[in-house]
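A.B. asks: One structure, as structure tokens, below. Some questions next.
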Amino acid sequence: MKISFSSSPANKADAIVVGVLKDAVLTKEAEELDKANGGQVRQAIEHNYFKGEEGQTLSLNGAQRILLVGLGAKGEATEVSCNAIGGKIATLLRATPDKSAEVRISGLTGKALNEEKAASHMAAGALLKSWRFDKYRTKEPADKKPKLENMVFITPKATEATKLFEAAQHVAEGVFFTRELVSEPANIIYPESLAAKASELTKLGVKVEVLDEKKMQELGMGALLGVGQGSARESRLVVMQWNGADKKVQPISFVGKGVTFDTGGISIKPAGGMEEMKWDMGGAGVIIGLMKALSLRKAKVNVVGVIGLVENMPGGNAQRPGDVVKTMSGQTIEVLNTDAEGRLVLADALWYTQDRFKPQFMVDLATLTGAIIIALGHEYAGLFSNNDELSKRLMEAGEQVDEKLCRFPLHKNYDKDIDSDIADVANVQKTARAAGSITAAQFLKRFTNDLPWAHLDIAGVAWTHKDLAVCEKGATGYGVRLLDRLISDNYESK
Ligand code: BES
Ligand code: MN
Ligand code: ZN
């Protein structure tokens with residue numbers, strides 16, 4: 001979809017969108033449109049329960065469609081509410097045959113929001129909401145296919161909004177890449193093919209290295225390799241580097257769980273819903289999308305992204321419950337449950353990242369535990385960290401872009417829950433199922449070498465079963481906008 005900004009209406013679009021404030025107060029543009037249409041706008045409002053509540057909509061279908069959108073109370077807009085308004089407009093218009101729309105909503109502001117930001121955030125919401133994964137639909141009826149191609153946002157600050165939107169568009173491209181990778185089935189996306197997708201970023205200036213099994217063997221990554229050994233597909237570790245700042249600036253780093261399919265292995269999962277485990281590479285998908293966003297917008301920061309790619313399968317060569325593996329860190333792990341595989345992959349990926357790059361901090365993302373969904377549902381992701389400042393910055397970034405984080409504790413007293421009888425640590429608790437997400441994080445902590453670190457358990461938010469404000473059902477790309485904002489707010493050189 002093409003999105004642009006203009007300071008004057010052209011009145012050529014298939015649909016005209018205007019805003020209505022709380023208590024059905026017409027905005028300037030709605031007032032003008034009402035006058036030009038013989039009072040139709042006011043009439044329609046009166047004949048319906050339309051109050052101008054945020055996100056409320058009303059469609060008048062004349063020769064040219066008129067769409068009224070509720071903006072809520074004047075002066076109280078936020079980035080999140082603007083995103084949602086844009087998303088709402090896109091959703092409604094995409095259900096019509098309209099190809100073009102002119103959005104006449106100016107004067108939208110809030111505490112931390114001027115008019116040009118509001119316009120850009122609305123446009124970003126519309127763009128994010130418009131993405132769909134339809135490459136495998138060969139028989140979709142024409143009236144189910146969205147037709148909307150062009151959106152023009154009318155604002156006196158068109159030049160400024162265009163500039164702001166440029167960066168937002170780059171970030172959206174990153175989000176879309178993540179969503180695409182996460183949506184693809186596991187016969188298409190497996191460690192090698194996902195590594196190839198990551199390697200596409202070289203044309204944007206990202207340095208990409210792909211480590212094969214032999215190389216990982218040499219490095220001693222027995223935990224990661226153990227997970228992949230039952231699969232016919234070879235495992236990979238991908239290292240991506242975006243160097244947008246001075247060489248002297250110490251990099252920051254992001255690590256992703258990339259289990260391209262998680263059957264559970266010999267500790268096999270039940271059949272019902274197992275297809276969902278194609279998105280168990282969601283953490284890795286976010287890191288790839290983030291690297292794309294950063295390189296597209298030429299972020300002035302040095303970032304390392306490391307993703308551990310494996311397929312967790314049962315088979316004659318699969319790892320058995322009770323196997324002991326040796327990690328790159330030298331620590332040994334007793335694998336009591338082959339379905340707790342993500343932490344095994346991350347154990348080696350985290351150790352490798354801190355050992356090779358000595359970054360300022362590491363943030364890992366992983367669809368790590370079902371327990372985090374029990375705790376938080378699909379609204380917040382879990383945050384676990386040994387560092388208060390990093391945690392605060394992550395939570396603040398998350399609030400801004402509505403990719404929210406809830407912090408959980410780490411504590412040494414949880415360590416005994418994962419004591420092993422024969423190795424340094426076990427990958428799960430032997431009997432109890434209490435605090436499953438915390439013990440997983442506590443396990444990861446052993447492989448961070450006490451570097452500032454945060455673990456985001458995104459199992460509840462990487463995928464959505466219902467349409468959201470800026471995302472249709474399916475892969476969300478949760479994390480790309482969050483990490484991009486963490487970086488732009490805190491770690492970019494001027
Ligand atoms: N990939 C799963 C976690 C998961 C579950 C992600 C549901 C998304 C939706 C992970 O590898 C796993 O299987 N975790 C186990 C851990 C258990 C064996 C300690 C779990 O959560 O049941
Ligand atoms: Mn698993
Ligand atoms: Zn998994």
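A.B. asks: Considering the options LEU290, SER193, ASN37, tell which one lies farthest towards the positive end of the dipole of the chain, charges being +1 on Lys and Arg and -1 on Asp and Glu at the Cβ, about the Cα centre.
C.D. replies: ASN37
A.B. asks: Determine the dipole magnitude for the range 23-174: charges of +1 sit on the beta-carbon of Lys and Arg, -1 on that of Asp and Glu, nothing else is charged, the reference point is the Cα centre, and the result goes in debye to the nearest 20. Walk me through the intermediate numbers first.
C.D. replies: On the way: 22 positive and 21 negative charges, 116 e Å.
I would put it at about 560 debye.
A.B. asks: Order of 340-351, 38-49 by packing, highest average Cβ count within 10 Å first? Display every interim value, and only then the final one.
C.D. replies: Values: 340-351: 28.2, 38-49: 13.7.
Highest mean packing first, the order is 340-351, 38-49.
A.B. asks: In deg cm²/dmol and to the nearest 500, what is the mean residue ellipticity at 222 nm of the chain if only DSSP H runs of at least 4 residues count, each as -39500 (n - 2.57), divided by the residue total?
C.D. replies: The helix contribution divided over the chain gives -10500 deg cm²/dmol.
A.B. asks: Please give the length that would be gained between LYS74 and ASP489 if that part of the chain were fully extended, namely 0.36 nm times their separation in residues minus their C-alpha to C-alpha distance (nm, one decimal). Walk me through the numbers on the way to the answer.
C.D. replies: Values: separation 415, 0.36 × 415 = 149.40 nm, distance 2.69 nm.
Between LYS74 and ASP489, full extension yields 146.7 nm more.
A.B. asks: Towards the positive end of the charge dipole of the chain, with charges on Cβ (+1 Lys, Arg; -1 Asp, Glu), say which of PHE176, GLY342, LEU68 has the farthest Cα.
C.D. replies: Comparing the listed Cα positions along the dipole, LEU68 ranks first.
A.B. asks: With a point put 7 Å past each Cα toward its Cβ, work out how far HIS411 is from LEU204 in nm, to one decimal.
C.D. replies: 4.2
A.B. asks: Quick one: which residues, 5+ away or cross-chain, put their amide H under 5 Å from the amide H of TRP463? H built at 1.01 Å from N.
C.D. replies: Distant-sequence amide H within range of TRP463: THR476.
A.B. asks: When the C-alpha atoms of the range 289-360 are aligned to their principal axes, what extent does each axis show, in angstrom, from largest down?
C.D. replies: Taking max minus min along each principal axis of the Cα atoms, the range 289-360 gives 46, 25, 16 Å.
A.B. asks: Kindly provide the GluC sites (Glu not before Pro) of the range 368-452 that DSSP labels as loop, not H, G, I, E or B, and whose Cβ sees at most 12 other Cβ atoms within 10 Å.
C.D. replies: GLU379
A.B. asks: I've got another one for you. Can you figure out the FRET efficiency of ILE374 with ASN187, using R₀ = 35 Å and their beta-carbon distance, to the nearest 0.05? Working shown, then result.
C.D. replies: Working: r = 30 Å, r/R0 = 0.86.
That gives a FRET efficiency of 0.70.
A.B. asks: Out of all DSSP beta bridges in the chain, what portion is antiparallel? Express it as a percent rounded to 5. Mind showing how you got there, number by number?
C.D. replies: On the way: 32 of 77 bridges.
Counting only bridges with both partners in the chain, antiparallel ones make up about 40 percent.
A.B. asks: In whole angstrom, note down how far apart the Cα centers of the range 177-234 and the range 304-383 are.
C.D. replies: 14
A.B. asks: Okay, next question. How big is the dipole moment of the chain about its Cα centre under a simple scheme where the beta carbon of each Lys and Arg is +1, that of each Asp and Glu is -1, and everything else is neutral? Debye, nearest 20, please. Write out the running numbers ahead of the final one.
C.D. replies: Numbers: 62 positive and 63 negative charges, 186 e Å.
Around 900 debye, computed over the chain.
A.B. asks: What list of ³J(HN,Hα) couplings, whole Hz, do you get for the range 376-391 from phi and the Karplus terms 6.51, -1.76, 1.60, once you set θ to phi - 60° and write x for glycine and proline?
C.D. replies: Ordered by residue, 3J(HN,Hα) equals 10, x, 10, 9, 10, 9, x, 10, 10, 7, 9, 9, 6, 5, 4, 4 Hz.
A.B. asks: For the range 184-198, just list the computed ³J(HN,Hα) in residue order, Karplus coefficients 6.51, -1.76 and 1.60, θ = phi - 60°, integers in Hz, with x standing in for Gly and Pro.
C.D. replies: Listing the rounded values in order: 4, x, 7, 7, 9, 9, 9, x, 5, 6, 5, 4, 5, 4, 4 Hz.
A.B. asks: Taking amide H positions as placed in the peptide plane 1.01 Å from N, state which residues far from THR57 in sequence (5 or more) or on other chains have amide H under 5 Å from it.
C.D. replies: HN-HN under 5 Å from THR57: GLY70.
A.B. asks: Counting Lys and Arg as +1 and Asp and Glu as -1, each charge on the Cβ, what is the dipole of the range 152-213 about the Cα centre in debye, to the nearest 20?
C.D. replies: Working: 6 positive and 10 negative charges, 86 e Å.
Charge dipole, the range 152-213, about its Cα centre: 420 debye, nearest 20.
A.B. asks: Something else now. Please identify every one of the trypsin sites (Lys or Arg not before Pro) in the range 394-435 that sits in a loop by DSSP and has no more than 15 other beta carbons within 10 Å of its own beta carbon. Show your work: numbers first, answer last.
C.D. replies: Details: sites: LYS404, ARG407, LYS412, LYS416, LYS430, ARG433; in loops: LYS430, ARG433.
Of the trypsin sites (Lys or Arg not before Pro), the ones in loops of the range 394-435 whose Cβ has at most 15 other Cβ atoms within 10 Å are LYS430, ARG433.
A.B. asks: For the range 1-136, taking Cα atoms only, what is the radius of gyration to one decimal and the Dmax to the nearest whole Å?
C.D. replies: For the range 1-136, the Cα-based Rg and Dmax read 14.2, 47 Å.
A.B. asks: So, by mean Cβ neighbours within 10 angstrom, what's the order for 7-14, 192-199 with the highest one leading? The partial results should precede the final answer.
C.D. replies: Numbers: 7-14: 13.2, 192-199: 19.9.
Highest mean packing first, the order is 192-199, 7-14.
A.B. asks: Among VAL239, GLN217, MET277, pick out the residue whose Cα is farthest towards the positive end of the charge dipole of the range 194-282, where Lys and Arg carry +1 and Asp and Glu carry -1 on C-beta, about the Cα centre.
C.D. replies: The residue sitting farthest along the positive end of the dipole is VAL239.
A.B. asks: On a C-alpha basis, how far is the centre of the range 150-168 from the centre of the range 392-446 in Å? Whole number, if you could?
C.D. replies: 42
A.B. asks: Then there is this: What does the highest-first list of 316-327, 138-149, 418-429 look like by mean Cβ count within 10 Å? Could you put the intermediate results ahead of the total?
C.D. replies: Values: 316-327: 16.4, 138-149: 10.8, 418-429: 18.0.
Ranking the peptides 316-327, 138-149, 418-429 by packing returns 418-429, 316-327, 138-149.
A.B. asks: Residue-wise, which Karplus ³J(HN,Hα) couplings in Hz belong to the range 125-134, taking 6.51 cos²θ - 1.76 cosθ + 1.60, θ = phi - 60°, and x for glycine or proline?
C.D. replies: Rounded to whole hertz, the list is x, 5, 5, 4, 6, 7, 6, 9, 9, 10.
A.B. asks: Residues in the range 382-400, backbone N under 13 Å from the label point at ALA112 (7 Å along the Cα-to-beta-carbon vector): list them, ranges by number please.
C.D. replies: Counting backbone N atoms under 13 Å from the label point, the list is 393-400.
A.B. asks: Compute and list, largest first, the equivalent-ellipsoid semi-axes of the chain from the alpha carbon gyration tensor, each √(5λ) rounded to a whole angstrom.
C.D. replies: Working: eigenvalues 406, 98, 83 Å².
In descending order, the three semi-axes are 45, 22, 20 Å.
Values quoted throughout were computed directly from the atomic coordinates according to the rules given, and no laboratory measurement underlies them. What you are looking at is a predicted structure, and each value in this text was computed from that prediction instead of being measured. Backbone-built Cβ (ideal geometry, glycine too); neighbour counts: all protein chains shown.
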